[in-house]
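Enquirer: Take a look at this one; I'll ask things after.
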Amino acid sequence: KYKYYDYVIKLIRNQNIDKYIAIHYRQSDFLKKRINRSDVLKDVDYLIKTCKEYMKQYDISNVYIATDSKDENILIKLRNNLPLFFIQEYDNELTNEQNLHVIESCICINSNVFIGTNSSCYSTFITSKRKCNNNTLNFYL
C-alpha cells in the first residue's frame, strides 16, 4: 500500500462517499503526441455521456477526475455536468503538488469503477493495481 492510502480512503468515507467512479482524463501534451490516434479520448462530451451511463448502471452518484487539463472550459463543463468531488476540498495540505499523483492513484485504485485513458501508463498502472485488489470494473476511453 501507498503511504497515504488508508488516510485517503478514510477522508473519502468521512465525506459520506461510499461509492464512486474514478476517471483518469489525460489531456495536455498527451493529446498533442497522439493527435492522429482514434483510440484516445479527446471529446469531453463523450466522457460525460459515458460516465453518466456507468453511474446509472452501477448506481453510483459520485465522480472523481484525475486530470492534467488546465483548460477552464473543459473543467467547468465537467463540474457542471457530473457530481464531482475533489480531495483538495477536504485536505489542502495533503494535496500539495508532490503528493497529488500518489493521492490520486490511491483514489483511483479504491474506486468502484475506473475509467482510464487508453495508452496511458498511469491508467495502466491503476488498472493493474485494481486487478490485484480484485476490482474488475475497469474501462478505457
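Enquirer: At a Förster radius of 30 Å, what calculated FRET efficiency corresponds to the Cβ-Cβ distance of Asn134 and Lys70, to the nearest 0.05? Provide the component values of the computation, followed by the final result.
Expert: Working: r = 35 Å, r/R0 = 1.17.
So the FRET efficiency works out to roughly 0.30.
Enquirer: Once both labels are modelled 7 Å past Cα along the beta-carbon direction, what's the Lys77-Asn14 spacing in nm?
Expert: Result: 3.5 nm between the two label points.
Enquirer: For every other residue with a beta carbon closer than 12 angstrom to the beta carbon of Val63, add +1 if it is Lys or Arg and -1 if Asp or Glu, then tell me the sum.
Expert: Local net charge: +3.
Computed from the coordinates by the stated procedures, all read-outs in this text should not be read as laboratory data. Worth saying up front: this structure is predicted, and the values here are computed from it rather than measured. No Cβ is skipped: glycine too gets one built from the backbone with ideal geometry, and neighbour counts run over all protein chains shown.
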